[in-house]
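A.B. asks: I am attaching a structure below and will ask some questions about it afterwards.
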Amino acid sequence: MESRAESESVSSGERYRVDAPLVSVIIRTRDRPDLLQEALESVALQSYPHIELIVVNDGGQDVGALVCRYEACVSHVRYLSLEQNRGRPAAANVGLDCATGGYVVFLDDDDLFEAEHIAGLVESLREHPGARAAYTGTRMAWADGDRVWDIEYDPVRLRTFGLFAMHAVMFERCLVEDGCRFDERLNVHEDWDFWLQVAERTDFVHVGQVTAVYRPF
């Protein structure tokens, strides 16, 4: 069965070659199947065709059947169900340990990707071979209206204030092999700590698109 994302890729003049890098999308989830389905749908509708979907169920109700529905929409699907709730940092590390793509991007179950999100990040990283991470702007979907979070990269400011949402960033998986891990002692800001580790090893490329969607549930 051909997915919509694959159809769009072919119809646009075979925009991506068959050797385009595999991108691992890691979704952490727990007891929010309705929101998870919306997140999965946003992955399935990506214009970029070579995606490995990794869903880490952090000790919640089983959503394996829901995840399996998307096996025809992406290149690979992996579902990992933890017996007990281990927390966001541990779930992120489980996903990282299972990722096989050259690039990695996170997407929590309450957030979304616009259709060109992964494509724009991949293209930017391939155009900047000296950089190992890139990020887009984020549309903040607040109840009283949308706002845009889109800040130019500044390594000094990153140490005092977050510059991007977690799912706005794509990075090379080799950074994990270089020692970048989520600190499982942290209850909050585990993503910010991770990006500070990444920043010690590479600059970030700011991509001129707003394709990550943050929903404050």
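A.B. asks: Within the chain, what percent of beta bridges assigned by DSSP are antiparallel, to the nearest 5?
C.D. replies: The antiparallel proportion sits near 35 percent.
A.B. asks: Below 14 angstrom from the Cβ of Phe171, what's the summed charge of the other residues (Lys, Arg +1; Asp, Glu -1)?
C.D. replies: Residues near Phe171 contribute -1 overall.
A.B. asks: Measuring from label point to label point, each 7 Å out along Cα→Cβ, what is the Arg185 to Glu38 span in nm?
C.D. replies: About 3.6 nm separates the two model spin labels.
A.B. asks: What nm distance separates the two modelled labels at Glu177 and Glu71, each placed 7 Å from Cα along Cα→Cβ?
C.D. replies: 3.0 nm
A.B. asks: Also, I was wondering about something else. Per residue and in cubic angstrom, what volume does the convex hull of the Cα atoms of the stretch 63-173 have?
C.D. replies: Normalising the Cα hull of the stretch 63-173 by residue number yields 156 Å³.
A.B. asks: Expressed as a whole number of Å, what is the distance separating the alpha-carbon centroids of the stretch 105-140 and the stretch 154-217?
C.D. replies: So the two Cα centres are separated by 11 Å.
A.B. asks: About the Cα centre, and with charges only on the beta carbon of Lys, Arg (+1) and Asp, Glu (-1), how big is the dipole of the chain? Nearest 20 debye, please.
C.D. replies: Its charge dipole is roughly 240 debye.
A.B. asks: With a 1.4 Å probe and all protein chains left in place, how much of the accessible area of the chain comes from carbon and sulfur atoms, in whole percent?
C.D. replies: Answer for the chain is 48 percent, counting heavy atoms of protein chains only.
The values are calculated or read from the model by the stated rules, or taken from the named source; none is laboratory data. Computed from a prediction, not measured in an experiment: that's the story for all the values here. As a convention, Cβ positions derive from the backbone with ideal geometry for all residues, glycine included, and neighbour counts pool all protein chains shown. The protein model used for the area step is the full one, side chains on, heavy atoms only, and it has no ligands, DNA or RNA in it. Shrake-Rupley method; radii C 1.70, N 1.55, O 1.52, S 1.80 Å.
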